[in-house]
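A short worksheet on the structure shown next.
The values are calculated or read from the model by the stated rules, or taken from the named source; none is laboratory data. Keep in mind that this is a model prediction, so the values were computed, not measured. Glycine also receives a Cβ, built like all others from the backbone with ideal geometry; neighbour counts cover every protein chain displayed.
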Amino acid sequence: MPELNKCKMGVLETERLRLRQYSPADFEMLYYLLNDTDIIKYLFNGNIFTQLDTLKLIEETFCGYKNDIGCLILEKKDHTILGFSGIQKCISFLTDDYELGFVIKKEFWGNGYATEIGKGLIDYARTNMDIPRITATVHPLNSQSTKVLNKLNMKQLFKDNIKNRGDRVVYGLTLKR
């Protein structure tokens with residue numbers, strides 16, 4: 001398993017949820033998520049991940065960026081793993097923004113977890129990061145995630161075709177005025 005940099009964030013907690021560091025025991029869950037066609041159809045151009053692809057994603061995304069936050073494992077406070085979430089430096093389009101994201105197992109959809117962790121990440125960014133805004137990208141047909149971004153008061157900025165992700169609608173929220 002890859003050696004990962006420690007995230008600046010450490011652990012973030014909301015009323016029902018916690019973000020924590022990745023551990024090798026999480027690999028199977030991530031591999032499962034990245035092979036669920038209902039989940040992956042809106043991520044990474046809909047491409048199913050091999051085990052090697054999953055390892056590469058872990059190395060590049062899960063706290064692998066030196067001065068950024070990276071993704072963390074999302075779990076309920078009873079340690080039930082829901083998926084992953086986090087904030088990262090935008091590498092998909094040419095801006096100096098940071099991007100929040102979340103991927104949740106489908107059996108937990110519709111319970112407000114994405115909105116709750118999104119609010120927690122925005123609060124964290126507003127309090128602990130010196131950035132003017134935060135962004136998020138969503139597949140144009142992913143109506144559920146679009147609803148979450150609207151609940152988080154994020155506004156549509158532009159549409160783009162992002163390498164390795166496909167068509168995306170980019171949303172943003174101003175943090176500093």
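Remarks
- For the criterion of being of a type outside the set (Val, Ile, Thr), touching a Leu at 6+ places or on another chain (Cβ under 7 Å) and modelled with pLDDT under 85, LEU100 fails.
- Considering residues of the range 62-74 that are under 26 Å from VAL169 (Cβ atoms) and hydrophobic (A, V, I, L, M, F, W, C) only, the residue modelled with the lowest pLDDT: ILE69
- Scanning the range 141-154 for residues that are surrounded by 13 or more Cβ atoms within 10 Å (Cβ to Cβ) and not in a helix (DSSP H, G or I), we see that the one that is modelled with the lowest pLDDT is ASN142.
- Taking the range 156-177 as the range and being closer than 29 Å to ASN47 by Cβ and either part of a helix (DSSP H, G or I) or charged (D, E, K, R) (or both) as the test, the residues that pass are LYS159, ASP160, LYS163, ARG165, ASP167, ARG168.
- Neighbours by Cβ (under 8 Å, 6+ apart or cross-chain): first from the range 35-61, at pLDDT 90 or above and part of a helix (DSSP H, G or I); second of a type outside the set (A, V, I, L, M, F, W, C) and surrounded by 15 or more Cβ atoms within 10 Å (Cβ to Cβ): GLN51/TYR31
- Meets criteria (modelled with pLDDT under 95, charged (D, E, K, R) and surrounded by fewer than 16 Cβ atoms within 10 Å (Cβ to Cβ)) for ARG126: yes
- A single entry from ILE87, ILE134 fulfils the requirement of being within 21 Å of LEU34 (Cβ to Cβ) and touching a Leu at 6+ places or on another chain (Cβ under 7 Å): ILE87.
- Residue count, the range 130-164 (criterion: touching a strand residue (DSSP E or B) at 6+ places or on another chain (Cβ under 7 Å) and in contact (Cβ under 8 Å) with a residue 40 or more places away in the chain): 11
- Yes/no for THR115 being under 22 Å from LEU12 (Cβ atoms) and touching a helix residue (DSSP H, G or I) at 6+ places or on another chain (Cβ under 6 Å): yes
To keep it simple, each residue is scored yes or no on (1) over 21 Å from LEU34 (Cα atoms); (2) of a type in the set (D, E, K, R).
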site: ILE81; (1), (2): no, no
site: GLU107; (1), (2): no, yes
site: GLY110; (1), (2): no, no
site: TYR113; (1), (2): no, no
site: ASN128; (1), (2): yes, no
site: ASN142; (1), (2): no, no
site: ASN153; (1), (2): yes, no
site: LYS159; (1), (2): yes, yes
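- Positions within the range 93-123 being hydroxyl-bearing (Ser, Thr, Tyr) and surrounded by 18 or more Cβ atoms within 10 Å (Cβ to Cβ), in sequence order: TYR98, TYR113
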